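Q: Attaching a single structure in structure tokens format; questions to follow.
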Amino acid sequence: MSGTSAALTPPADAIAPVRHPDAPAPGELLGAHYGHCFGCGGEQPHGLHLEARAGDGVRVTAEFTVRAAHQGAPGLAHGGVLAAALDETLGSLNWLLRVIAVTGRLETDFVRPVPVDTVLHLSAEVTAVAGRKIYSTATGRLGGPDGPVAVRADALFIEVKVDHFIDNGRPQEIQAAMSDPDQVRRARAFEVNP
């Protein structure tokens with residue numbers, strides 16, 4: 001990415017990422033971590049409804065269809081929505097590491113306009129890990145996985161404990177998620193938070 005800041009350059013002692021042995025298998029749909037998540041949740045009427053799949057190594061792919069509710073300029077996706085799609089895709093990488101992590105920094109390049117009704121094909125990978133810091137990169141392409149690049153981003157995620165969400169989230173949503181009788185859904189609500 002052009003102009004990436006020093007904060008997104010892994011330190012010399014960073015290590016290569018290692019896919020967790022219990023990570024979803026390549027090709028597996030990751031699903032929403034939380035139904036109300038703007039990025040991946042199915043319960044958000046104007047959300048992205050982004051669907052990510054595990055790839056090989058520490059990579060994911062995803063697709064996002066730009067709808068009229070996502071436009072900024074007439075007929076074009078809002079840049080903030082595109083950044084959110086990249087952030088959500090990058091956050092999905094944490095499923096493969098099996099860590100709880102949040103976005104610490106996201107730098108985005110907007111290369112070309114993305115029209116409404118376009119399917120944006122996203123790919124992301126973790127490039128390095130240094131302690132609690134997870135370095136990653138993503139691209140969004142038009143017309144298919146090999147189409148022209150429309151957006152790209154570099155990111156730094158920070159590994160956190162579940163207390164990060166419990167201590168800082170709005171109490172009503174935290175209590176509702178913790179009270180969910182579905183044990184899997186209850187655990188997933190706090191596993192990944194792009």
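Q: Please work out if residue 45 is open to solvent by 30 Å² or more (accessible area, probe 1.4 Å), in a loop (DSSP other than H, G, I, E, B) and modelled with pLDDT of 95 or more.
A: No.
Q: Take residue 31 and tell me if it is in contact with a strand residue (DSSP E or B) (Cβ under 9 Å, 6 or more places away or on another chain) and either more than 20 Å from residue 155 (Cα to Cα) or in a loop (DSSP other than H, G, I, E, B) (or both).
A: yes
Q: Mind counting the residues in region 11-27 that are in contact with a Ser or Thr (Cβ under 9 Å, 6 or more places away or on another chain), of a type in the set (A, V, I, L, M, F, W, C) and within 16 Å of residue 94 (Cα to Cα)?
A: Within region 11-27, residues that are in contact with a Ser or Thr (Cβ under 9 Å, 6 or more places away or on another chain), of a type in the set (A, V, I, L, M, F, W, C) and within 16 Å of residue 94 (Cα to Cα) number 1.
Q: Here are 8, 30, 50: which of them is under 15 Å from residue 90 (Cβ atoms), surrounded by 18 or more Cβ atoms within 10 Å (Cβ to Cβ), in contact with a Cys (Cβ under 6 Å, 6 or more places away or on another chain) and at pLDDT below 95?
A: Selected residue: 50, the only one of 8, 30, 50 that is under 15 Å from residue 90 (Cβ atoms), surrounded by 18 or more Cβ atoms within 10 Å (Cβ to Cβ), in contact with a Cys (Cβ under 6 Å, 6 or more places away or on another chain) and at pLDDT below 95.
Q: Now for a different question. Could you tell me whether region 16-23 includes any residue that is out of contact with any Pro (no Cβ under 9 Å at 6 or more places or on another chain), modelled with pLDDT of 95 or more, crowded, with 16+ Cβ neighbours inside 10 Å and outside any loop (DSSP other than H, G, I, E, B)?
A: Within region 16-23, none of the residues are out of contact with any Pro (no Cβ under 9 Å at 6 or more places or on another chain), modelled with pLDDT of 95 or more, crowded, with 16+ Cβ neighbours inside 10 Å and outside any loop (DSSP other than H, G, I, E, B).
Q: Could you please find all residues in region 133-165 being farther than 18 Å from residue 88 by Cα and either at pLDDT 95 or above or loosely packed, with under 14 Cβ neighbours inside 10 Å (or both)?
A: 143, 144, 146, 147, 148, 161, 162, 163
Q: Scan region 62-83 residue by residue and report those that are surrounded by fewer than 16 Cβ atoms within 10 Å (Cβ to Cβ), in a helix (DSSP H, G or I) and in contact (Cβ under 8 Å) with a residue 12 or more places away in the chain.
A: Selection gives 68, 69, 79.
The values are calculated or read from the model by the stated rules, or taken from the named source; none is laboratory data. Everything quoted here is computed from the prediction, not taken from an experiment. All Cβ positions, even for glycine, are placed from backbone atoms using ideal geometry, and neighbour counts span all protein chains on display. Areas reflect the complete protein model, heavy atoms only, side chains present, ligands, DNA and RNA absent. Shrake-Rupley method; radii C 1.70, N 1.55, O 1.52, S 1.80 Å.
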